[in-house]
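The values are calculated or read from the model by the stated rules, or taken from the named source; none is laboratory data. Just so it is clear, the model here is predicted, and its values are computed rather than measured. Cβ: placed from backbone, ideal geometry, glycine included. Neighbour counts: every protein chain shown.
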Amino acid sequence: MALFQLDPASIVARAQASGRAIQPPALAASILRGVFGFTLVSVGGFAPWPVFERWFRSMGEMDLYIACLAMFIGLSGVCLHRLIIGPGSLLRFYKLFSLAFSAYAVVWVALWVCLRGDSGSIGGLLGGSTAMGLVLAFAFDAQRAIIKVVVALFVLNALGYYFGGRIAGKLAIDHRALGMLLWGVCFGIGLGAGLGLAFYFCQQRARAALREAMVQRMPEAA
């Protein structure tokens, strides 16, 4: 069952009602939008980390996670809503991403707190990516794409997370704030690319339906 009217039929109906020619982003464009958009989101999302360390040391680990989650969700719609095809994407993106990223964050934090270390990181990345992928796939009524979506999110997310973690580790002593910033950039690039692919995979049926609708309208225009 689709969520927030993001099933193919609803996307096509909104596109036709707009009276404008809708050009869905191609694969490369979706990935680039995800990378650039989510990198901005991620830098903002990581910002509470150095702020808490410097000015709010009395706040707990869970307070930090909540602050980061709020930043990620708050910035997401402005930077990424055009990953959804057609008009009316901003509010729908906020609703969808709030649900998907909250599911990701809750599962990630739960597994990290329980396992810690490398096991916690890997478990959190896999569990969080799976939770996010399931929400996205069901929202777009794209259950057949679940495996592709989860794999894309997990692999690219893990690459960005671990590469960023290595950089942050090397800069931890002399340039800790810079290391945190670069970790946010790497995480943004990795998960952003995964999101670009995930939204592309989830909307393949909508793309096909839009092409079919355009073909059907061509004789009428002629």
Among (1) buried (at least 16 other Cβ atoms within 10 Å of the Cβ); (2) modelled with pLDDT of 95 or more, where does I147 come up short? (1)
Mind checking which residues of the stretch 87-135 are touching a Ser or Thr at 6+ places or on another chain (Cβ under 8 Å) and among the hydrophobic types (A, V, I, L, M, F, W, C)? F93, F97, F101, V107, W112
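Quick check on L182: is it more than 24 Å from S30 (Cβ to Cβ), without any contact (Cβ under 8 Å) to a residue 12 or more places away in the chain and in a helix (DSSP H, G or I)?
Against the criterion (more than 24 Å from S30 (Cβ to Cβ), without any contact (Cβ under 8 Å) to a residue 12 or more places away in the chain and in a helix (DSSP H, G or I)), L182 does not qualify.
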Residue check, Q203 among the polar types (S, T, N, Q) and at pLDDT below 85: no
Of the residues in the stretch 10-27, those that are without any contact (Cβ under 8 Å) to a residue 40 or more places away in the chain, surrounded by 15 or more Cβ atoms within 10 Å (Cβ to Cβ) and under 11 Å from I85 (Cβ atoms) number 1
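Going by the conditions given, is K95 in contact (Cβ under 8 Å) with a residue 12 or more places away in the chain, surrounded by fewer than 18 Cβ atoms within 10 Å (Cβ to Cβ) and basic (K, R)?
On the way: in contact (Cβ under 8 Å) with a residue 12 or more places away in the chain: yes; surrounded by fewer than 18 Cβ atoms within 10 Å (Cβ to Cβ): yes; basic (K, R): yes.
The answer is yes for K95.
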Any residue that is of a type in the set (F, W, Y), surrounded by 21 or more Cβ atoms within 10 Å (Cβ to Cβ) and part of a helix (DSSP H, G or I) - is there at least one of those in the stretch 157-165? no
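Could you tell me how many of the residues in the stretch 28-43 are buried (at least 18 other Cβ atoms within 10 Å of the Cβ) and either of a type in the set (D, E, K, R) or under 30 Å from L64 (Cα atoms) (or both)? Steps first, answer last, please.
We begin by selecting, within the stretch 28-43, every residue buried (at least 18 other Cβ atoms within 10 Å of the Cβ); these are 30-31, 33-35, 37-43.
Subsequent filtering for residues that are either of a type in the set (D, E, K, R) or under 30 Å from L64 (Cα atoms) (or both) retains 31, 33-35, 37-43.
Final tally of qualifying residues: 11.
Which one of A209, A177, A168 is in a helix (DSSP H, G or I), modelled with pLDDT under 90, of a type in the set (A, V, I, L, M) and within 22 Å of F4 (Cα to Cα)? If you could, list the steps in order and put the result at the bottom.
Working: A177 fails: within 22 Å of F4 (Cα to Cα); A168 fails: within 22 Å of F4 (Cα to Cα).
Criteria check complete, one pass: A209.
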Cβ-Cβ under 9 Å pairs, at least 6 apart or on other chains, the stretch 49-75 side over 15 Å from V109 (Cα atoms), far side outside any helix (DSSP H, G or I) and modelled with pLDDT under 75: F52/M59
